[in-house]
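Heads up, the thing below is written out as structure tokens.
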Amino acid sequence: MRASLPQFEAFYWTLRYGSVRAAAEHLNLTQPTVTLRLQELEKNLGVALFERAGRRLRPSRHGAALRHQVEQLLSLAGTIERYGRDAEPARHLLRLGTADIFAHGCLPRLLSIIDADYPNLQVEVSVAFSRSINRRLLEGELDLAFLTNPEGPDSLVMLPMGSVEVAWVAAPSLGLGSDGAAVRPADLVRHRILTNPEPSHLFASVRDWFAPSGLWPERLGTCDSLWIMARLAAAGLGVALLPAIMPALESQWSTLRVLAADPPIAAHRLYAAFHRDNDSAHLRSVITEARALLPLVGILPTLND
């Protein structure tokens with residue numbers, strides 16, 4: 001039996017998404033159907049095309065070597081399908097994940113640029129704190145992520161984008177930092193502390209800042225949204241650890257006081273991250289466009305990759 005076009009489609013989209021389930025959803029097929037097509041293709045070719053790495057499927061040596069030829073085959077098949085009729089060019093899907101601070105300051109402009117300059121690129125956006133975005137990227141649910149302090153295997157490409165300064169912010173009514181003096185853990189321990197939930201990087205920064213003093217906040221409030229945290233802090237309901245630029249992004253938060261801290265709080269590093277086998281020209285173009293937008297949120301771009 002010869003290998004068929006549906007089998008090669010199942011191979012390509014499983015390789016593209018790193019998951020049989022995601023490939024089945026894209027092809028509008030059941031998961032067992034895609035699995036059967038992959039098994040038949042491997043039987044026809046006489047080689048294993050995938051190997052498992054955790055919850056993600058990776059191409060084997062044979063699968064990686066086959067990828068370019070299958071891309072050419074599917075491209076030619078698409079050209080033949082469109083022959084003789086006026087059809088739209090194929091649309092590419094980009095599953096994009098971003099941290100809150102990037103999404104608020106840069107995402108609207110980035111999507112406008114993509115719509116204007118890359119009309120055949122369809123973008124699906126997920127916004128969350130960086131740890132959550134990191135997890136989804138590692139599990140193959142995202143193609144590209146803009147996030148802080150990513151972690152992952154060598155197969156994950158991590159391009160430095162810039163530094164995100166973080167700081168304690170509070171309403172003037174709390175009387176903190178009014179004399180310009182730096183706040184210490186003992187100054188904040190009785191205030192409600194607002195941060196992202198564990199295991200976020202902001203939560204880790206709170207823990208690391210209090211730890212040397214042997215203190216821990218008496219009241220800790222966690223929230224997924226930086227913007228809700230800023231609103232609560234502006235209302236005098238707590239002291240929030242936020243990107244230092246945030247009070248300048250919205251007029252309603254302009255009264256928030258950015259507090260000097262002792263000990264200093266380490267900046268978070270912003271990266272663009274993606275799986276090496278997902279590298280592509282349109283993905284690199286989106287990263288370049290995103291880097292140019294970083295000054296809009298007070299982030300000085302890192303110029304080299």
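The values are calculated or read from the model by the stated rules, or taken from the named source; none is laboratory data. Source: prediction; values computed, not measured. When we count neighbours, we look across all protein chains shown, and the Cβ atoms used for this are built from the backbone with ideal geometry, even at glycine.
Below are the figures for this structure:
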quantity	calculated
Every residue from the range 208-244 that is in a helix (DSSP H, G or I) and out of contact with any strand residue (DSSP E or B) (no Cβ under 9 Å at 6 or more places or on another chain)	Asp208, Ala211, Pro212, Ser213, Trp227, Arg231
Of all residues in the range 190-207 being closer than 16 Å to Arg131 by Cα and outside any helix (DSSP H, G or I), the one that is modelled with the highest pLDDT	Thr195
Subset of the range 268-305 that is charged (D, E, K, R) and modelled with pLDDT of 85 or more - its residue that is surrounded by the most Cβ atoms within 10 Å (Cβ to Cβ)	Arg291
Matching residues in the range 13-26 - criterion: being part of a helix (DSSP H, G or I) and not β-branched (Val, Ile, Thr)	Trp13, Leu15, Arg16, Tyr17, Arg21, Ala22, Ala23, Ala24, Glu25, His26
Entirely in the range 27-120, the helices (runs of 4 or more DSSP H) that have 2 or more residues that are hydroxyl-bearing (Ser, Thr, Tyr) and modelled with pLDDT under 90	61-82
Count of the range 119-133 residues which are crowded, with 22+ Cβ neighbours inside 10 Å and either touching an Asp or Glu at 6+ places or on another chain (Cβ under 6 Å) or more than 21 Å from Phe203 (Cβ to Cβ) (or both)	0
Test: residue in the range 135-154 that is of a type in the set (S, T, N, Q) and more than 30 Å from Glu218 (Cβ to Cβ)	no
Scan of the range 143-176 for residues that are part of a loop (DSSP other than H, G, I, E, B) and more than 13 Å from Val239 (Cβ to Cβ), ordered by number	Asp143, Asn149, Pro150, Glu151, Gly152, Pro153, Asp154, Ser155, Glu165
